[in-house]
Amino acid sequence: MATAFITHADCARHDMGRHHPESPERLAAIEDHLISSGIVGLIERHEAPAAKVSELARVHPLEYIEAIREASPQSGIVHLDPDTAMCPHTWDAALRAAGAAVLATDLVIGGRADNAFCAVRPPGHHATRTRAMGFCVFNNVAVAAKHALEQHGLSRVAIIDFDVHHGNGTEDIFAGDDNVLRASTFQHPFYPYSGTDSPASNMVNVPLAAGAGSKEFREAVRAEWIPALNGFAPQLIIFSAGFDAHAEDDMAMLRFTDADYGWVTEQLKSVAERHAKGRMVSMLEGGYALSALGRSAVQHIKVMAGLG
């Protein structure tokens with residue numbers, strides 16, 4: 001088996017405008033760095049299917065799904081919120097992004113891949129049950145987790161979120177759910193200004209102050225994430241893999257390095273090998289400095305593939 005790399009051309013057609021940071025070039029940056037790193041031939045490529053409405057409906061009400069479909073424009077751009085827009089290709093891209101989450105979960109739990117990385121957009125961790133926001137339409141990691149729990153019969157899924165922004169949507173969906181443990185770091189105070197007000201017991205939230213870097217991040221993982229994960233003993237680990245806490249990314253003010261993304265993947269891979277038969281699924285979230293995004297994603301994927 002190998003690491004599955006799941007993507008689709010539709011995800012590059014989603015375009016929120018010339019100057020929007022969540023751009024199609026993000027996927028090209030990851031592809032370029034996979035090639036230059038020499039690992040592109042060592043991972044197994046898959047084309048993301050379109051998610052079924054029934055798969056989305058485990059997370060989002062049917063009324064919300066239909067409202068998104070109806071909002072899809074025939075031309076131009078329609079804003080769902082000040083930061084989140086749809087072009088004529090967004091609906092298809094969003095279905096492919098969520099469909100990648102389903103396929104990745106099937107491949108990994110079914111033993112057809114060791115683990116999987118999904119290079120897809122739009123991202124998902126800000127999407128609540130009923131609201132698109134923060135560049136996100138459907139909550140892709142939630143779709144993966146619900147598929148693992150309801151289709152494959154798992155009882156314990158961990159979601160790891162190292163994006164610079166708090167994944168408020170994922171927390172909205174799973175707060176108080178004993179079948180899901182979510183561990184995250186994020187800059188605070190910062191958009192979306194959540195995650196610190198009495199989170200549910202299954203939310204291991206570690207806010208980091210502006211300027212925090214490798215030392216603070218690694219301390220959070222060692223002191224907070226790893227003990228909670230070992231106590232929970234997940235059967236699958238899903239990453240909300242945002243790379244916008246990188247020092248080169250001016251979207252925010254954390255100071256992570258390329259090496260931090262390889263290191264945190266190693267820590268979580270050890271947990272997955274201990275409790276989850278090594279099973280990991282990773283979904284792209286943020287990361288807007290294109291070179292840093294590509295390098296950091298490659299660090300993450302190399303460790304997943306045993307090439308780091």
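The values are calculated or read from the model by the stated rules, or taken from the named source; none is laboratory data. Being a predicted model, the structure only gives us computed values, none of them experimental. Backbone-built Cβ (ideal geometry, glycine too); neighbour counts: all protein chains shown. Ligands, DNA and RNA are stripped out before the accessible areas are found, and what is left, the full protein with its side chains, is counted by its heavy atoms. Shrake-Rupley method; radii C 1.70, N 1.55, O 1.52, S 1.80 Å.
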Could you list all residues from region 62-83 that are in a strand (DSSP E or B), touching a residue at least 12 places away in the same chain (Cβ under 8 Å) and touching a helix residue (DSSP H, G or I) at 6+ places or on another chain (Cβ under 8 Å)?
Leu80
From the option list Ser184, Ser155, single residue qualifying as closer than 29 Å to Pro227 by Cβ, more than 15 Å from the chain's Cα centre (by Cα) and in contact (Cβ under 8 Å) with a residue 12 or more places away in the chain is Ser155
One residue from Asn168, Asn179, Asn205 being within 29 Å of His147 (Cβ to Cβ) and touching a residue at least 40 places away in the same chain (Cβ under 8 Å):
Asn168
From the set of residues in region 35-56 that are touching a Phe, Trp or Tyr at 6+ places or on another chain (Cβ under 8 Å) and open to solvent by less than 50 Å² (accessible area, probe 1.4 Å), which is nearest to Val298 (Cα to Cα)?
Ile43
Can you name every residue in region 191-228 that is aromatic (Phe, Trp, Tyr) and either assigned to a strand (DSSP E or B) or surrounded by fewer than 20 Cβ atoms within 10 Å (Cβ to Cβ) (or both)?
Tyr191, Tyr193
Checking Leu293 against (1) assigned to a helix (DSSP H, G or I); (2) out of contact with any Lys or Arg (no Cβ under 7 Å at 6 or more places or on another chain); (3) closer than 21 Å to Cys11 by Cβ, only one condition comes out false. Which one?
(2)
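Table: residues versus (1) more than 17 Å from Gly167 (Cα to Cα); (2) of a type in the set (Ser, Thr, Tyr); (3) open to solvent by less than 10 Å² (accessible area, probe 1.4 Å); (4) not in a loop (DSSP other than H, G, I, E, B).
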{"residue": "Asn230", "(1), (2), (3), (4)": "yes, no, no, yes"}
{"residue": "Asp244", "(1), (2), (3), (4)": "no, no, yes, no"}
{"residue": "Glu248", "(1), (2), (3), (4)": "yes, no, no, no"}
{"residue": "Gly262", "(1), (2), (3), (4)": "yes, no, yes, yes"}
{"residue": "Glu266", "(1), (2), (3), (4)": "yes, no, no, yes"}
{"residue": "Glu273", "(1), (2), (3), (4)": "yes, no, no, yes"}
{"residue": "Lys277", "(1), (2), (3), (4)": "yes, no, no, no"}
Hey, does region 98-110 have a residue that's under 22 Å from Asp15 (Cβ atoms) and hydroxyl-bearing (Ser, Thr, Tyr)?
no
Looking at Val59 and the list (1) open to solvent by 30 Å² or more (accessible area, probe 1.4 Å); (2) hydrophobic (A, V, I, L, M, F, W, C); (3) in a loop (DSSP other than H, G, I, E, B), which single condition is not satisfied?
(1)
Among residues of region 165-176 being part of a loop (DSSP other than H, G, I, E, B) and more than 21 Å from Ile226 (Cβ to Cβ), the residue least open to solvent (accessible area, probe 1.4 Å) is His165
Answer with yes or no whether Arg182 is touching a strand residue (DSSP E or B) at 6+ places or on another chain (Cβ under 8 Å), open to solvent by less than 20 Å² (accessible area, probe 1.4 Å), among the basic types (Lys, Arg) and at negative phi.
yes
Pairs under 8 Å by beta carbon, first residue basic (Lys, Arg) in region 115-127, partner open to solvent by 10 Å² or more (accessible area, probe 1.4 Å), six or more apart or different chains?
Arg121/Ala12; Arg121/Pro24; Arg121/Leu27
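For every residue, the table says whether it meets (1) farther than 29 Å from Leu154 by Cα; (2) at pLDDT below 95; (3) more than 18 Å from the chain's Cα centre (by Cα).
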{"position": "Ala220", "(1), (2), (3)": "no, no, yes"}
{"position": "Met253", "(1), (2), (3)": "yes, no, yes"}
{"position": "Tyr261", "(1), (2), (3)": "no, no, no"}
{"position": "Ser296", "(1), (2), (3)": "yes, no, no"}
Kindly establish whether Asp32 is touching a Pro at 6+ places or on another chain (Cβ under 7 Å), closer than 22 Å to Met251 by Cβ and either open to solvent by 40 Å² or more (accessible area, probe 1.4 Å) or of a type in the set (D, E, K, R) (or both).
no
